[in-house]
Amino acid sequence: MRKIGERFDKEPKSMARAFIGSTPTNPFPFSQSSSTLFHKSSRLSSAGAMPDHRDPLLPPPQPHPSLEIVDGARGSFLPALKTLLRPYTAFPVVGWNRHVETIFAAFFRSVPDVRLRRECLRTKDDGSVALDWVSGDDRSLSPDSPLLILLPGLTGGSDDSYVRHMILRAKRKGWRVVVFNSRGCGHSPVTTPQFYSASFLGDMHEVVAHVGARYPKANLYAVGWSLGANILVRYLGQESDKCPLSGAVSLCNPFNLVIADEDFRKGFNNVYDKALSSALCKIFKKHALLFEDIGGDFNIPLAANAKTVREFDEGLTRVSFGFKSVDDYYFNSSSSDSIKDVCRPLLCIQAANDPIAPNRGIPRKDIKENPNCLLIVTPQGGHLGWVAGDEAPIGAPWTDTVVIDFLEHLEREASSSSSSSSNTGSIVHHMEV
């Protein structure tokens, strides 16, 4: 694999992508003073919690009933997630409607300033993906620092607000972070007549292998949002017990793409459908010359002028990846069927009112039967919203604290296990000598 390092500056992004979690230029930015006013709302703080001096004979505290918990892991992870002990309280006004919350988070959530360093990774089929690393982490972090791979949603990239907040939070905890921008996303170059899809795991395999080879002493983790979560869970299932990741988090995962497609074409969801298809068409037209005279079953005019995501997938995606129809593509690319094969710790967080990742598509039965999985469903949150918690309304989403607490717990367990193995080896060696 060939790679080229380069620094880069981000371009402004179209308003169309905003509804799906990307962060457009804010036409009405909140000032610091208005943010302060918002924070005068009464909220319990997750910081500075008192030490736990409970009687060890008493049962552990349970998650607040406002949250739905499906715990296949049988309590293995829950004690580390202190945020779950408090009620999920959506921010006033913003959280009253799932569409309001989704759009508010997309347009008005702050975008932390994080300096990134881009690496373009050439894949085995001569395609390209862009890996955005936090600038300066090689100087400030040790080679064995935990490494977090971030997978944004459809058409998303490293400049999206929810991605930036996760970068910042992980960075402050001493984690090395890299954002995996799929082909054509986040201004990633497209060098072959093929984008990415919910079904394609080739790039994910190569990215994980690449970062793992660069930092062989580090434990690898991943967080995915929306379509990125679908790809991540499918990767975990495919790799199963051979997966090189030590743990993962899935957020706003559509899980069942057939159900998601059905709901996507109903009512107000048409707004998201048009916004996403517009973003896809924009990426396609930027690289349209690669598809000139491509022939076969491709319907290039349909893809170039798609008014819905389904039309784009019919004209381009399903043909590129060998599916006989769009429905065949959606059915065989759903991550709901992969849960049963996941052999690494996996936290799934969903919002019950998510307009894009339907509540009825969550594979609760398979999650409950898998000892590696934990599902948290919040009563509100919209899609990539979760405007709640200490930093609401324009700071990090409620989920970020839960995600980092989960990952930190896994890293402590991994480090403890590694230390124990090392000590055992030393004792055995001493006895043999």
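I'd like to compare 293-302, 345-354: which one has the highest average count of other Cβ atoms within 10 Å, and what's the full order after that?
Peptide ranking by packing, descending: 345-354, 293-302.
Taking the Cα centre of region 62-118 as the origin, how large is its charge dipole in debye, to the nearest 20, when only Lys and Arg (+1) and Asp and Glu (-1) carry charge on their Cβ atoms?
Rounded to the nearest 20 debye, it is 340 debye.
Around P371, what is the net charge, scoring Lys/Arg as +1 and Asp/Glu as -1 over all other residues with Cβ under 11 Å from its Cβ?
For residues surrounding P371, the net value is 0.
Accessible area per residue for region 257-333 in Å², computed with a 1.4 Å probe and the full protein assembly in place, what is it?
Here the per-residue accessible area is 50 Å².
Under the definition of Cα pairs under 8 Å and six or more residues apart, what whole-number percent is the relative contact order of region 317-422?
With pairs under 8 Å counted, the relative contact order is 21 percent.
Local charge sum around G184 (other residues, Cβ-Cβ under 10 Å, Lys/Arg +1, Asp/Glu -1)?
Once all neighbours under 10 Å are counted, the net charge is +3.
Going by a ≥ b ≥ c, the root eigenvalues of the Cα gyration tensor, does region 311-364 fall in the rounded group (a/c under 1.5), the prolate group (a/b larger than b/c) or the oblate group?
Oblate shape, in that a/c is at least 1.5 and b/c is the bigger or equal ratio.
Tell me, what ³J(HN,Hα) does each residue in region 183-193 have, in order and in whole Hz, if you take phi through Karplus 6.51 cos²θ - 1.76 cosθ + 1.60 with θ = phi - 60° and put x for Gly and Pro?
Taking θ as phi minus 60°, the curve returns 3, x, 9, x, 6, 5, x, 10, 10, 9, x Hz for region 183-193.
Counting only protein heavy atoms, what percent of the accessible surface of region 91-143 is carbon or sulfur at a 1.4 Å probe?
The C+S portion of the solvent-accessible surface of region 91-143 is 55 percent.
Show the residues, 5+ positions off or on another chain, whose built amide H is closer than 5 Å to the amide H of G153.
For G153, the qualifying residues are W225, G228.
Let a ≥ b ≥ c be the square roots of the eigenvalues of the Cα gyration tensor of region 161-254; is it rounded (a/c under 1.5), or, if not, prolate (a/b larger than b/c) or oblate?
The shape class here is rounded.
Just how far, in whole angstrom, is region 55-75 from region 340-396 if you go by their alpha carbon centroids?
Using only Cα atoms, the two centres lie 17 Å from each other.
Pairs K173/K242; K285/K307; K171/K217: which are spaced more than 26 Å apart, C-alpha to C-alpha?
Table pairs above 26 Å Cα-Cα are K173/K242.
Which value, in Å², gives the accessible area per residue of region 350-390 when a 1.4 Å probe is used on the protein heavy atoms?
I get 29 Å² per residue for region 350-390.
Compare the peptides 385-395, 371-381 by average per-residue count of other Cβ atoms within 10 angstrom and give them in order, highest first.
Ranked from most to least packed, the peptides come out as 385-395, 371-381.
Which net charge results when you count Lys and Arg as +1 and Asp and Glu as -1 among the other residues whose beta-carbon is under 14 Å from that of F331?
Value of the local net charge: -2.
How would region 257-333 be classified by its alpha-carbon gyration tensor: rounded, prolate or oblate, with rounded meaning a/c under 1.5 and the a/b versus b/c comparison settling the rest?
Cα axes put region 257-333 in the oblate bin.
The values are calculated or read from the model by the stated rules, or taken from the named source; none is laboratory data. Note that the coordinates shown come from a computational prediction; the quantities given were computed from them, not determined experimentally. Backbone-built Cβ (ideal geometry, glycine too); neighbour counts: all protein chains shown. Just the protein is used for accessible areas: all its heavy atoms, side chains included, with ligands, DNA and RNA removed. Shrake-Rupley method; radii C 1.70, N 1.55, O 1.52, S 1.80 Å.
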